[in-house]
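Report on the following structure.
Since every read-out is calculated from the coordinates, none of them should be taken as a lab result. Note that the structure is predicted; figures quoted are calculated from it, not measured. In this analysis, Cβ positions are derived from the backbone assuming ideal geometry, glycine residues included, and neighbour counts consider all displayed protein chains.
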Amino acid sequence: MHDEIVITVNGEPMRVSARSTVAAALAGEAFPCRVSVRGERRMAVCGMGACMECRAEVDGELHVRTCELLCRPGMRVRTQ
Ligand code: FES
């Protein structure tokens, strides 16, 4: 894929499409966006910014809705 970029997820490099949202990139690798206080794996549901299930930490900012954010080279994502 010629438009691949590398982001970091929980400290590990991940190759993703530059046209992918962070939520889609995480789902493609079966990563949850976060883990609830009960230990449940949470992933994107609505894909349009309404449900808040896709929240993750991105470049140090907490609770970012990853379904509304395109991947950028060097982006650092934390899901826990
Ligand atoms: S998937 Fe619902 S707000 Fe992102």
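Looking at the chain, which longest stretch skips every one of the GluC sites (Glu not before Pro) that is in a DSSP loop with at most 14 other Cβ atoms within 10 Å, leaving the sites themselves out?
Details: sites that count: Glu29, Glu40.
Answer from the scan: 41-80.
The Cα atoms of the chain define a convex hull whose projected area, averaged across directions, is 4.9 nm².
How charged is the neighbourhood of Val64? Take every other residue with its Cβ under 9 Å from the Cβ of Val64, and add Lys/Arg as +1 and Asp/Glu as -1.
On the way: positive: Arg55, Arg65; negative: Glu57, Asp59, Glu61, Glu68.
With Lys, Arg at +1 and Asp, Glu at -1, the neighbours total -2.
Note on the chain: with a GNM built from Cα contacts shorter than 10 Å, the maximum mean-square fluctuation among Cys54, Cys46, Cys33 falls on Cys46.
Express the relative contact order of the chain as a whole percentage, based on alpha carbon pairs under 8 Å and six or more residues apart in sequence. Relative contact order for the chain comes out at 37 percent.
Can you work out the PRE-style zone for Ser17? Point 7 Å along Cα to Cβ, and I want the residues of the range 42-56 with backbone N under 19 Å. Only 44-49 pass the distance filter. Near Met75, the amide H atoms lying under 5 Å from its own belong to Thr8; only residues 5 or more places off or on other chains count, and H is placed 1.01 Å from N.
Note on the chain: antiparallel DSSP beta bridges, both residues inside, total approximately 90 percent of the bridges counted.
Between Glu40 and Leu62, what FRET efficiency follows from the Cβ-Cβ distance if R0 is 30 Å, with the result rounded to 0.05? Let's see the in-between values first.
Numbers: r = 19 Å, r/R0 = 0.62.
Calculated transfer efficiency: 0.95.
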